[in-house]
Each structure stands twice: as structure tokens, then as C-alpha cells.
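Student: Handing you a structure now.
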Amino acid sequence: MMKFLKKVRTNEDGATAIEYGLIAALVAIALIAALNQLSGSLSGIFGDVADTLDENAPAAEEAAADPA
């Protein structure tokens, strides 16, 4: 019985797993916070790209239809 208790007391596998879990949680929180900060500017950038594509789509269709 004493041998089992000594083994349980010196076993650090659970503590290591908890530490890795905490690190993963902190990385996830940092990633979410960074993406939330960037979401406004990314929305603007993708909106500008979509507007540019919409404006130039008719010209691209005409160029494809007229291979001259």
C-alpha cells in the first residue's frame, strides 16, 4: 500500500496534461482576441476586393467573349 501511495505521489503525468491544457487554452484565447481585433480591418479589405471584382466583372466577360 505504501508503495502505491509513493508511486501516486511522484506521478506527474496528470499535472503535465493540465499544464498543456492550460497552455492550449491561453493560445486559443490569444488567437480569438487577435482575430476579433483584426475582424474590422479584414472585413473592409475583403469588401474592397469584392467591390473591385464586381466593378470589373462585366469588362472581363466582354474580353472573354471577344477573342479578337
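Student: For Leu31 and Ala50, calculate 0.36 nm times their separation in residues minus their Cα-Cα distance, and state this gained length in nm to one decimal.
Tutor: Once the chain is fully extended between Leu31 and Ala50, it gains 4.3 nm.
Student: Please list, in order along segment 16-31, the HN-Hα scalar couplings obtained from phi with the Karplus expression 6.51 cos²θ - 1.76 cosθ + 1.60 (θ = phi - 60°), rounded to whole Hz, x for Gly and Pro.
Tutor: Running phi through 6.51 cos²θ - 1.76 cosθ + 1.60 with θ = phi - 60° gives 5, 5, 5, 4, 5, x, 5, 5, 4, 5, 5, 5, 5, 5, 5, 5 Hz.
Student: Now, a different point. Apply the Karplus parameterisation 6.51 cos²θ - 1.76 cosθ + 1.60, with θ equal to phi minus 60°, to every residue of segment 49-54 and state each ³J(HN,Hα) to the nearest whole Hz, in sequence, with x for glycine and proline.
Tutor: Values, residue by residue: 5, 4, 4, 5, 5, 5 Hz.
Here, each number is a calculation from the coordinates, and none is a lab measurement. Quick caveat: nothing in here was measured; it's all calculated off a predicted structure.
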